[in-house]
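Derivation of every value follows stated rules applied to the coordinates shown; laboratory data play no part. Everything numeric in this text was worked out from a predicted model, so none of it was measured. Here the Cβ positions follow ideal geometry from the backbone for every residue, glycine too, while neighbour counts run over all protein chains shown.
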Amino acid sequence: PSLLTASEINTSIKFGDRFVFKLLRQVEPGPHPGVEMGQFLTERLSRPFPHAAPYAGSLEYHEHSGEATFIGVMHGFVPNEGTAWQRTRKHLDDLFENIKDAKVSNVDLQSSAPTNIYKLSFALADPPQIATEIIGTYLSLAERMGRRIAELHLALASQTSDPAFAPEPFNDFYRQGLFHGYIGLLGRRLEFIRQRYSEMTPDVRLLAAKVLERENAIVAKLRAVFAQRIYSERTRFHGRLHLGHLLVTEEQDVVIFDFEGDPHQHISERRIKRSPIRDVTSMLVSLGYSAQGALRRVASEGESAGSRHTLRMWARFWYSHVSAALLRGYWQVAKGARFMPRSEADQETLLTTYLMERALLDVRPDIEDKPDLAGMPFRVILYLLDAEAERKIGE
C-alpha cells in the first residue's frame, strides 16, 4: 500500500494496481453519496457504467441502534496517465511556450469567439480552423469529456423505481425557490466584495468594480429561471466535478471518480436532486481556473505589459474554444434527455443560471483562500453579461 497525496479532504491509499481505499474524515450517520453512487453505477445498472471508477466495497460503523456511519469506500484501480487537471496543465504550459513562434495576430484570436463565450450558438457550431490548428488534440479530449459526463447523467437518470435516484420535476415551486435563493446569495456576495474590496490586487479590484456596477444586470440574468416555465427534470449528479476528478486513460478516454459530492455540505444536502447541468458549469469553471493558473505561472517569469496582454488573449482564445468543445460533446449526447429543457433558449437559461451561481459561490473562497485566482468568478460574470466594454480586462 502507498499513500496518495492528491486529496486534502480525505485519506486515500493505493493498493498496488488493484484498489484505491479512501478513509473519510468527515462522517455522519446515513447513506453516503460516494457509496450510494458507486453501488448504483457498478452494481445496479444492467451493465456497469464503464466510465466511472468501479465500486469495490465500503467500511461501516454500526452502533446498537441507529443508522450505519460510512467511514471508508474502496474502488477498483483504473490504469491512467494522470488526471485531466495534470494533462491540461502540461498542455497549457506547452501552448504558452510555443506562442512566440505562432504567426497569429491578437485580432485573429479575439475575433474567433464572441464576448459571451457561453452562447450555445457559438458552442454548438463546428470549431473554426484556427482553433483546431492551434489547440490540436486537446480539443478532442475536451469534447470527449463532455460526452462522458452526459453519458454519466443519462445513467443516473435511468432509474425510476428507486426514490433515491428517480428523477423529480423541475416545477414552478422549485424554480421560485431557486430564484429567491439566488437573490440572497447575490446580496451576500456583493456585500462581501465591498468589505474586501480594498484588500484585492489592482487587477482583481478592477474586475470587482465592474461586477458591482452591474447588480441589476445580474438580477435580470438570474430572474430568467423564474420568469418562464422550463420543462426539465432534476436528477442525481456528481456534485463536485472538475478536471481533478477525471482520469485520462492510455486510450485517451476519461474515467470519472470521487462521487462524494461537496464535502462542505451535509450528506443529506449532497443527495438532493438538481439539474445535472450544474456538473457542466463546474467543469467550465475548472477549465477557466486551469487557464488562469497557466497565466500566473508565465507571469511569474517577468513578462512585459505587452506580453501579458498577448498571453491573456491566448488564454481567452483557448478557454473559449475548449469550453465550446466540452459543451458540444455534452449536448450531442444529452440533447434528447428529459433533464434537458425542450428548447435551446431554455437550455441556455439553465446553463447561464448555473454558471452565474457557480461564479457567485466561488467569489468568497477564492478571495479568502486563493487570492491569486480570485479574478476567475468575476470574469465568468462579465462573460455572461456580454460586457463588451470590459473585453480587455475580462480576457
Notebook entry, point to check: Put a dot 7 Å past each Cα toward the Cβ at D101 and R342; how far apart are the dots in nm?
Noted result: 5.4
Margin query: Using a Förster radius of 45 Å, what is the FRET efficiency between A125 and S198 based on their Cβ-Cβ separation? Nearest 0.05, please.
Written below: 0.55
Notebook entry, point to check: When the label point is put 7 Å from the Cα of K14 along its Cα-to-beta-carbon vector, which residues of segment 66-97 have a backbone N closer than 15 Å?
Noted result: 75-87
Note to self: Could you compute Rg(Cα) / (2.2 N^0.38 Å) for the chain, with N its residue count?
What the structure shows: 0.99
Checklist line | Förster-model FRET efficiency, 22 Å R0, E63 and A164, C-beta, rounded to 0.05 | finding: 0.50
Next item on the list: Label segment 223-306 by shape, choosing from rounded, prolate and oblate, from the square roots a ≥ b ≥ c of the eigenvalues of the Cα gyration tensor; if a/c is under 1.5 it is rounded, and otherwise prolate applies when a/b is larger than b/c, oblate when it is not.
Entry: prolate
Notebook entry, point to check: Which pairs, out of K22/K90; K210/K273; K103/K370; K22/K221, put more than 30 Å between their alpha-carbon atoms?
Noted result: K210/K273; K103/K370; K22/K221
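Express in % the proportion of alpha carbon pairs of segment 123-264 at distances exceeding 23 Å.
In whole percent, the share of Cα-Cα pairs in segment 123-264 beyond 23 Å is 62.
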Checklist line | Total charge dipole magnitude, the chain, about the Cα centre, Cβ charges on Lys, Arg, Asp, Glu only, Debye to nearest 20 | finding: 680
Next item on the list: Go ahead and estimate [θ] at 222 nm for the chain from helices alone: -39,500 (n - 2.57) per DSSP H run with n ≥ 4, summed, over the residue count, rounded to 500.
Entry: -16500 deg cm²/dmol
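Work out how much length Q228 to I272 would gain on full extension: take 0.36 nm times their residue separation and subtract the Cα-Cα distance, in nm to one decimal.
Details: separation 44, 0.36 × 44 = 15.84 nm, distance 2.31 nm.
So the chain would gain 13.5 nm between Q228 and I272.
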Check: Which length gain, in nm to one decimal place, applies between T249 and H264 when the Cα-Cα distance is subtracted from 0.36 nm times their residue separation?
Finding: 2.5 nm
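Taking the alpha carbon gyration tensor of segment 256-395, what are the square roots of 5 times its eigenvalues, largest first, to the nearest whole Å?
With the √(5λ) rule applied to segment 256-395, the semi-axes are 29, 19, 14 Å.
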Checklist line | Nearest-ten-degree value, helix 375-384 long axis tilted from longest Cα axis of the chain | finding: 80
Checklist line | Between 0 and 90°, nearest 10: helix 344-369 axis offset from the chain longest Cα axis | finding: 90
Notebook entry, point to check: What angle do you read, to the nearest 10 degrees and between 0 and 90, between the alpha-carbon axis of helix 202-212 and the longest principal axis of the chain?
Noted result: 80
